Amino acid sequence: MSEHDERPWGSYTVIDDADSHKVKRMVVAPGKRLSYQRHAHRAEHWFVVAGEGTVVVDGEERPVRSGQAVDVPLGAAHRIGNTGADPLVFIEVQHGDSFSEDDIERLDDDYGR
């Protein structure tokens, strides 16, 4: 059975978990966004499969929609938020030497975490 977790911004499901990578299906509810964060041990690649939103990587903001991809380099501050009326769904591929939830340094968070 896949790992699944509900979060204040939506949910994620782990699709693949290996020593060299982790793949998640992320669902962001309308009007919600993930914390502005960075990781010391992994880079991420996001591919948006449904919806629309805004991505911030190291202070640079840009809109994203279905069919677009975002690269988040190791150590880069980043967040994604849903600006549409429907769920924003993206596939997150993590690559590095640790995929632990402990490797999250939150710089700003709407939910007080």
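Values in this text are rule-based calculations from the coordinates and carry no lab data. Keep in mind that what you see is a predicted model, and the values were worked out from it rather than measured. Using ideal geometry, Cβ is built from the backbone for each residue, glycine included, and neighbour counts are taken over all protein chains shown.
In the condition set (1) among the aromatic types (Phe, Trp, Tyr); (2) surrounded by 18 or more Cβ atoms within 10 Å (Cβ to Cβ); (3) under 19 Å from Pro8 (Cα atoms), Tyr111 is compliant with all but (2). Right, Gly75: touching a residue at least 24 places away in the same chain (Cβ under 8 Å), touching a Lys or Arg at 6+ places or on another chain (Cβ under 8 Å) and closer than 21 Å to Glu105 by Cβ or not? It is true that Gly75 is touching a residue at least 24 places away in the same chain (Cβ under 8 Å), touching a Lys or Arg at 6+ places or on another chain (Cβ under 8 Å) and closer than 21 Å to Glu105 by Cβ. Taken together, Gly31, Gly67, Gly10 contain a single residue that is at positive phi and surrounded by 15 or more Cβ atoms within 10 Å (Cβ to Cβ), which is Gly10. With the condition kept exactly as written, say whether any residue in the range 15-22 is of a type in the set (Gly, Ala, Ser) and closer than 20 Å to Ser2 by Cβ. Yes, some residue in the range 15-22 is of a type in the set (Gly, Ala, Ser) and closer than 20 Å to Ser2 by Cβ.
Filtering the range 13-45 to residues that are under 28 Å from Glu60 (Cα atoms), part of a strand (DSSP E or B), touching a residue at least 60 places away in the same chain (Cβ under 8 Å) and not aliphatic (A, V, I, L, M) leaves His21, Lys22, Lys24, Arg25, Arg33, Tyr36, Gln37, Arg38, Arg42.
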